[in-house]
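Everything on this sheet refers to the single structure shown next.
The values are calculated or read from the model by the stated rules, or taken from the named source; none is laboratory data. Predicted, not measured: the structure shown is a model, and the values here were computed from it. Counting neighbours? That spans all protein chains shown, and the Cβs are built from the backbone with ideal geometry, glycine included. Only protein heavy atoms, including side chains, enter the accessible area calculation; ligands, DNA and RNA are left aside. Shrake-Rupley method; radii C 1.70, N 1.55, O 1.52, S 1.80 Å.
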Amino acid sequence: MTPLPPHLLFVGGASPLASSLDIVTAALTQARARGIRTHVTGRSEVLAATPAVTELADDVSPVDPDDPVLSEAWARQRLAAGDTFDLVLGLRDPVQLSVARCAAAAGAPGNTPEAVRRVRDKDACRAALAAAGFRQPRVGLCAGLREAEAFLAESYGPWVVKPRDGMGSVGVRKVTGPADLPRAVEELPTSEPFLVEEFVEGAEFSVEGVLLRDGPKVLAITAKEKLPPPYFVEIGHVLPAELPDSVRREVEDEVVRALTALDLRFGVFHAELWVTDAGIVLGEVHTRPGGDWLHLLLSHAIPGLELFGLLYDDVLGRDHVRDLTPTRAAAVAFLAPEPGRLVGVTGWERVLAHPAVLRAELGVVPGDVIAPVRNSGDRAGFVVVGAATPREARELAAEVTALLSFEVEPAAVAVAH
């Protein structure tokens with residue numbers, strides 16, 4: 001009897017965002033190239049809105065991927081009917097618990113549900129890292145303004161107010177004292193308990209890599225640039241980061257130790273951190289790729305890299321040994337024009353024609369009202385460039401975005417219209 005080909009359960013598919021479609025398409029294409037069957041689950045309306053994903057999959061099922069109970073029950077039904085899943089993967093934060101539970105049900109490699117819950121709850125992750133001996137800022141879980149004021153009174157400022165479980169910098173705001181708290185709490189996306197933590201002063205980076213059978217494998221370190229506080233919106237990335245070898249090794253070692261301490265065993269990881277005068281301070285840890293087109297920067301910096309192919313080959317015991325050191329560099333710059341009503345944009349054709357541009361998208365058209373940038377969704381577009389070195393990539397990103405000119409009516413005029 002001919003054995004069935006390996007089977008991948010892909011939980012959650014992609015969102016309609018271009019970056020999500022791009023990375024999920026890559027994951028499915030790399031599976032197909034290896035003879036792996038793919039079964040994609042997702043909400044029916046999302047599946048309908050992402051035909052580029054569903055057309056690549058061998059099977060598609062409408063299951064809410066954000067509901068771990070439903071997802072596990074569906075997976076167990078399939079398994080009871082004789083199906084098998086050799087790999088289970090998902091690339092969004094909200095689906096990670098479903099991924100863990102489906103993998104456990106199928107006997108496939110994966111992270112435990114406990115480990116996923118720990119990293120999804122930012123305060124639990126900080127507590128686990130602190131208990132394991134890693135530097136961490138003090139953090140308080142607050143149910144309202146009074147508890148937040150009490151935390152400020154017993155800790156050192158400035159501070160950051162943020163959702164307990166969020167992404168895209170939504171509801172994240174710096175506060176310098178009690179007077180700033182009411183507005184910060186008001187801007188939180190939900191009324192659920194939130195976090196207040198001591199602000200970390202230092203250069204910010206993220207580490208991109210994969211979790212293989214023999215442990216975490218770091219692929220690159222990314223340098224980050226953010227808009228000025230009180231908000232913390234990322235406005236640019238350069239990969240790989242320009243770091244002395246000693247600092248780079250220290251960062252890599254710290255992240256590998258942290259991932260091991262958090263009992264993370266499978267998938268793609270994205271870990272954030274600061275390099276401070278006192279040493280490395282770890283931030284959020286994710287069991288999915290970084291957003292903001294970091295997967296494109298990574299694939300350009302490491303020619304021939306198949307990010308998901310590394311995972312598939314590792315699980316299936318196939319040879320994947322090759323040099324994974326970045327030999328080139330890439331950068332992404334996000335567009336944040338002045339707020340107001342957009343009258344017109346000049347220079348976009350020159351941006352698209354630039355030979356260094358790997359990808360560029362403009363998310364606004366004349367007539368749109370451009371809001372102040374308070375989270376990632378407020379950015380007006382992006383430009384990704386490739387170069388030989390990190391410095392050249394950073395300079396090219398600035399050079400290309402300088403080709404653009406946004407004509408924006410003052411806010412008062414825009415409101416009058």
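Could you please let me know if E250 is surrounded by fewer than 16 Cβ atoms within 10 Å (Cβ to Cβ), of a type outside the set (G, A, S) and in a helix (DSSP H, G or I)?
In short, yes.
If we keep just the residues of the stretch 59-93 that are among the charged types (D, E, K, R) and part of a loop (DSSP other than H, G, I, E, B), which is surrounded by the most Cβ atoms within 10 Å (Cβ to Cβ)?
Of the residues in the stretch 59-93, the ones among the charged types (D, E, K, R) are 59, 64, 66-67, 72, 76, 78, 83, 86, 92-93.
Those still in the list that are part of a loop (DSSP other than H, G, I, E, B) too: 64, 66-67, 83, 86, 92.
Values: D64: 18, D66: 19, D67: 16, D83: 15, D86: 19, R92: 23.
Taking the candidates together, the pick is R92.
In the stretch 120-145, which residues are out of contact with any Asp or Glu (no Cβ under 8 Å at 6 or more places or on another chain) and under 30 Å from R76 (Cα atoms)?
Scanning the stretch 120-145 gives a single hit, A124.
Here are some residues: L335, L307, L342. Which one is surrounded by 17 or more Cβ atoms within 10 Å (Cβ to Cβ) and within 18 Å of the chain's Cα centre (by Cα)? It would help to see each step written out before you state the result.
Numbers: L335 fails: within 18 Å of the chain's Cα centre (by Cα); L342 fails: within 18 Å of the chain's Cα centre (by Cα).
Only one candidate passes the filter, namely L307.
From T84, T2, which residue is over 17 Å from F308 (Cβ atoms) and either at pLDDT 95 or above or of a type in the set (A, V, I, L, M) (or both)? Before the answer, list the steps.
Numbers: T2 fails: either at pLDDT 95 or above or of a type in the set (A, V, I, L, M) (or both).
Unique residue meeting the criteria: T84.
Just give me the residues in the stretch 30-58 being in a loop (DSSP other than H, G, I, E, B), over 18 Å from V99 (Cβ atoms) and either touching an Asp or Glu at 6+ places or on another chain (Cβ under 8 Å) or open to solvent by 60 Å² or more (accessible area, probe 1.4 Å) (or both), in sequence order.
R34, E55, D58 - these are the residues of the stretch 30-58 that are in a loop (DSSP other than H, G, I, E, B), over 18 Å from V99 (Cβ atoms) and either touching an Asp or Glu at 6+ places or on another chain (Cβ under 8 Å) or open to solvent by 60 Å² or more (accessible area, probe 1.4 Å) (or both).
Quick check on the stretch 289-299. Is at least one of its residues open to solvent by 20 Å² or more (accessible area, probe 1.4 Å), part of a loop (DSSP other than H, G, I, E, B), in contact (Cβ under 8 Å) with a residue 60 or more places away in the chain and touching a Phe, Trp or Tyr at 6+ places or on another chain (Cβ under 8 Å)? First the steps, then the outcome.
Filtering the stretch 289-299 for residues open to solvent by 20 Å² or more (accessible area, probe 1.4 Å) gives 291-292, 295-296, 299.
Right, trim to part of a loop (DSSP other than H, G, I, E, B) and you get 291-292.
Still in the list and also in contact (Cβ under 8 Å) with a residue 60 or more places away in the chain: 291-292.
Now drop any that are not touching a Phe, Trp or Tyr at 6+ places or on another chain (Cβ under 8 Å), which leaves 292.
Yes, there is a match, as at least one residue in the stretch 289-299 is open to solvent by 20 Å² or more (accessible area, probe 1.4 Å), part of a loop (DSSP other than H, G, I, E, B), in contact (Cβ under 8 Å) with a residue 60 or more places away in the chain and touching a Phe, Trp or Tyr at 6+ places or on another chain (Cβ under 8 Å).
Could you tell me which residue of the stretch 253-288 is farthest from V218 (Cα to Cα), considering only residues that are over 20 Å from the mean Cα position of the chain (by Cα) and in a helix (DSSP H, G or I)?
Across the stretch 253-288, the extreme among qualifying residues is A261.
For the stretch 123-148, give me the residue count where each residue is open to solvent by 20 Å² or more (accessible area, probe 1.4 Å) and in a helix (DSSP H, G or I).
The qualifying residues number 9.
Does the stretch 185-193 contain at least one residue that is assigned to a helix (DSSP H, G or I) and either closer than 30 Å to A333 by Cα or open to solvent by 50 Å² or more (accessible area, probe 1.4 Å) (or both)? Talk me through it step by step, then tell me what you get.
Going through the stretch 185-193, the residues assigned to a helix (DSSP H, G or I) turn out to be 185-186.
Applying the additional criterion that residues be either closer than 30 Å to A333 by Cα or open to solvent by 50 Å² or more (accessible area, probe 1.4 Å) (or both) yields 185-186.
There is at least one residue in the stretch 185-193 that is assigned to a helix (DSSP H, G or I) and either closer than 30 Å to A333 by Cα or open to solvent by 50 Å² or more (accessible area, probe 1.4 Å) (or both).
I need the full set of residues from the stretch 110-122 which are assigned to a helix (DSSP H, G or I) and not hydrophobic (A, V, I, L, M, F, W, C), in order please.
The first filter runs over the stretch 110-122 and keeps only residues assigned to a helix (DSSP H, G or I), leaving 113-120, 122.
Selection gives P113, E114, R117, R118, R120, K122.
Under 24 Å from the mean Cα position of the chain (by Cα), more than 26 Å from P230 (Cα to Cα) and open to solvent by 60 Å² or more (accessible area, probe 1.4 Å): which single residue out of R350, R374, R359 fits that description? Give the derivation first.
Working: R350 fails: under 24 Å from the mean Cα position of the chain (by Cα); R374 fails: more than 26 Å from P230 (Cα to Cα).
The match here is R359.
Based on what the data block shows, is G157 among the small types (G, A, S), more than 30 Å from V116 (Cβ to Cβ), in a loop (DSSP other than H, G, I, E, B) and open to solvent by 20 Å² or more (accessible area, probe 1.4 Å)?
Working: among the small types (G, A, S): yes; more than 30 Å from V116 (Cβ to Cβ): yes; in a loop (DSSP other than H, G, I, E, B): yes; open to solvent by 20 Å² or more (accessible area, probe 1.4 Å): yes.
The answer is yes for G157.
For the stretch 3-19, what are the residues that are touching a residue at least 60 places away in the same chain (Cβ under 8 Å), surrounded by 19 or more Cβ atoms within 10 Å (Cβ to Cβ) and within 28 Å of G363 (Cβ to Cβ)?
F10, V11, G12, A14, S19
How many residues are surrounded by fewer than 21 Cβ atoms within 10 Å (Cβ to Cβ), within 18 Å of S169 (Cα to Cα) and out of contact with any Phe, Trp or Tyr (no Cβ under 8 Å at 6 or more places or on another chain) if we restrict to the stretch 202-232?
The number of residues fulfilling the criteria is 7.
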